[in-house]
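What follows is calculated from the coordinates using simple rules that are stated; it is not laboratory data. If you're wondering where the values come from, they're calculated on a predicted model, not measured in any experiment. All Cβ positions, even for glycine, are placed from backbone atoms using ideal geometry, and neighbour counts span all protein chains on display.
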Amino acid sequence: MKTAIIGFSGSGKSELFRALAGPGTPGNRAMVKVPEPRLEPLCDLFKPKKSTHTEIEFMNLPGGGSSSLGNKILSDIRGFECLLVVLDAYSGTQDPIAQLNAIEAELIISDLAVIEKKLERMQEDKKKAKHLHDPGQEEMLTKARGILEQDRPLREYPDLAARDALRGFAFLSSKPVLYAWNVAEDSLGGFKTPLDSTGMGHVAFSARLERELSELEDRQELLEFMQELGIQGSVLDRVISRAYDLLGLITFLTVGEKEVCSWPLKRGKNAWEAAGVIHSDIQKGFIRAEVLGWEDFVACKSFKKAREQGVLRLEGKEYIVRDGDIITFRFNV
């Protein structure tokens with residue numbers, strides 16, 4: 001999962017990046033492990049040679065003025081799956097609501113420009129040769145333009161943005177966005193973020209404080225410090241949790257003596273699609289999925305007991321994977 005960190009100059013995005021990436025991380029890019037406490041008991045049982053966490057790529061995009069992201073950043077973020085936008089709610093010299101509205105406007109205007117250009121080319125194609133024209137795509141682009149002209153981002157219409165005819169445009173306003181409100185440390189307790197909406201979430205944090213916490217090497221000292229400050233989880237935990245929610249992701253697990261792994265999967269996907277997340281060969285040769293739900297594993301504490309109690313089951317391609325499912329794929333290639 002590729003997440004771009006963006007924001008106006010002075011918002012605190014570089015400090016947030018350091019808090020997420022950890023101290024000493026060079027450059028503007030970091031691969032960060034997704035915390036997954038369910039791996040530990042599986043490792044205790046299987047004693048694998050290694051355990052592998054899902055990773056998120058965070059990229060701190062340089063640039064951005066005091067009141068505009070600029071065309072370069074708008075172009076750069078097109079290849080990212082999620083946007084993490086930092087707002088200055090600590091300095092007192094900026095209006096974070098105005099910043100949010102300005103960024104939303106830039107995303108919408110950028111998408112409108114793309115649509116207008118494409119529709120113009122379509123009109124030219126109509127004149128040249130009818131077979132070059134796609135009336136279905138034109139209809140969907142026109143519908144998307146109407147939404148944007150009402151100052152509504154396309155993320156509020158996920159079914160439309162996900163259509164094959166539109167997906168290739170990678171519309172900026174269709175991307176899930178998590179607004180990170182950089183708040184003064186002494187204001188954290190009483191700070192209220194706006195309500196979440198479709199594809200848009202909010203999290204409040206103190207960039208300076210979180211960067212300092214990330215530099216603490218003693219785990220016990222860190223937990224005690226966070227407890228004193230009333231912080232429920234690090235900003236990394238909260239950002240990843242919210243990003244998973246926005247992207248509609250769940251986690252499934254695979255186990256064995258060689259490796260225990262966690263994998264991301266879109267909510268509602270089936271076992272055959274989960275197999276493809278691991279390797280195309282497993283998907284191609286899919287036979288059955290041996291599935292043990294996480295709650296059943298916790299109750300049984302072993303696969304042998306789970307099998308005896310009939311909760312370790314065989315499922316076909318169409319089985320809808322649930323969060324925490326432990327899956328062993330049977331396949332033949």
Projected onto the charge dipole of segment 117-207 (unit charges on the beta-carbon of Lys, Arg, Asp and Glu, signs +1, +1, -1, -1), the Cα from 194, 144, 173 with the largest positive-side position is that of 144
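Could you quote the convex hull projected area for segment 268-331, Cα atoms only and averaged over all directions, in nm²? All intermediate terms of the calculation are to be shown ahead of the outcome.
Working: hull surface 16.1 nm².
Averaging across all directions leaves 4.0 nm² for the Cα convex hull.
At a Förster distance of 56 Å, what's the computed FRET efficiency of residue 257 paired with residue 162, Cβ-Cβ distance as r, to 0.05?
On the way: r = 39 Å, r/R0 = 0.70.
Rounded to the nearest 0.05, the efficiency is 0.90.
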In whole Hz and in residue order, list the ³J(HN,Hα) couplings for segment 203-217 that follow from phi through the Karplus curve 6.51 cos²θ - 1.76 cosθ + 1.60, θ = phi - 60°; x for Gly and Pro. 9, 9, 7, 10, 4, 5, 5, 5, 5, 5, 5, 5, 8, 6, 8
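With a 10 Å Cβ neighbour count serving as the proxy for reagent exposure, in which order, fewest first, do 222, 246 appear? The partial results should precede the final answer.
On the way: 222 15, 246 21.
The most exposed by this proxy come first: 222, 246.
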I need 206, 14, 197 ordered by Cβ neighbour count within 10 Å, fewest first. 197, 14, 206
Dividing the mean separation of Cα pairs under 8 Å (6+ apart) by the residue count of the chain yields a relative contact order in percent of 18 percent
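So between residue 125 and residue 45, what do we pick up on full extension, going 0.36 nm a residue minus the alpha carbon distance? Please report the intermediate quantities before stating the final value.
On the way: separation 80, 0.36 × 80 = 28.80 nm, distance 6.27 nm.
Net length gain for the segment: 22.5 nm.
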Just list whichever of 13/49; 33/266; 49/304; 72/126; 266/304; 128/175 have alpha carbons separated by over 27 Å in the model shown. 13/49; 72/126; 266/304; 128/175
For segment 234-245, Karplus-derived ³J(HN,Hα) couplings (6.51, -1.76, 1.60; θ = phi - 60°; whole Hz; x for glycine and proline) come out as 6, 5, 4, 4, 6, 5, 5, 4, 5, 5, 4, 4
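Could you work out how much longer the chain between residue 287 and residue 67 gets when fully extended? Use 0.36 nm per residue separation minus the Cα distance between them, nm to one decimal. Spell out each step's value before the answer.
Working: separation 220, 0.36 × 220 = 79.20 nm, distance 5.50 nm.
Fully extending the segment from residue 287 to residue 67 adds 73.7 nm.
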Ranked list, fewest to most other Cβ atoms within 10 Å of each Cβ, for 43, 82: 43, 82
Using Cα centres only, tell me the gap between segment 260-286 and segment 75-136 in whole Å. 32 Å
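May I have the convex hull volume per residue, in Å³, for the Cα set of the chain? The partial results should precede the final answer.
Details: hull volume 57.8 nm³, N = 333.
Per residue, the Cα convex hull of the chain comes to 173 Å³.
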Sort all Cα-Cα distances of segment 139-284 into consecutive 5 angstrom bins from zero, then give the percent of pairs in each bin up to the one containing the longest distance. 2, 8, 13, 14, 13, 14, 13, 11, 8, 4, 1, 0
Give me the dipole magnitude in Debye, nearest 20, for the chain about the Cα centre, with unit charges on the beta carbon: positive for Lys and Arg, negative for Asp and Glu. 1420 debye
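I want the antiparallel fraction of DSSP beta bridges within the chain, as a percent rounded to 5. All intermediate terms of the calculation are to be shown ahead of the outcome.
Numbers: 22 of 48 bridges.
The answer is about 45 percent antiparallel.
With an 8 Å Cα cut-off and a minimum separation of 6 or more residues, compute the relative contact order for segment 123-239 in percent. Present the calculation step by step, with values, prior to reporting the outcome.
Values: 99 pairs, mean separation 19.8, N = 117.
Here the relative contact order equals 17 percent.
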Mean separation of Cα contacts under 8 Å, 6 or more apart, over the residue count of segment 268-331: relative contact order %: 50 percent
Would you please give the residues with an amide H less than 5 Å from that of residue 204, counting only those at least 5 places away or on a separate chain, with H modeled from the backbone geometry? 181
For segment 268-331, the charge dipole (Cβ of Lys, Arg +1; Cβ of Asp, Glu -1; about the Cα centre) points to a positive end, and the Cα of 286, 303, 274 closest to that extreme belongs to 303
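If R0 is 41 Å, what FRET efficiency do you get for residue 298 and residue 97 from their C-beta distance, rounded to 0.05? Don't skip to the end; give the middle numbers.
Working: r = 44 Å, r/R0 = 1.07.
So the FRET efficiency works out to roughly 0.40.
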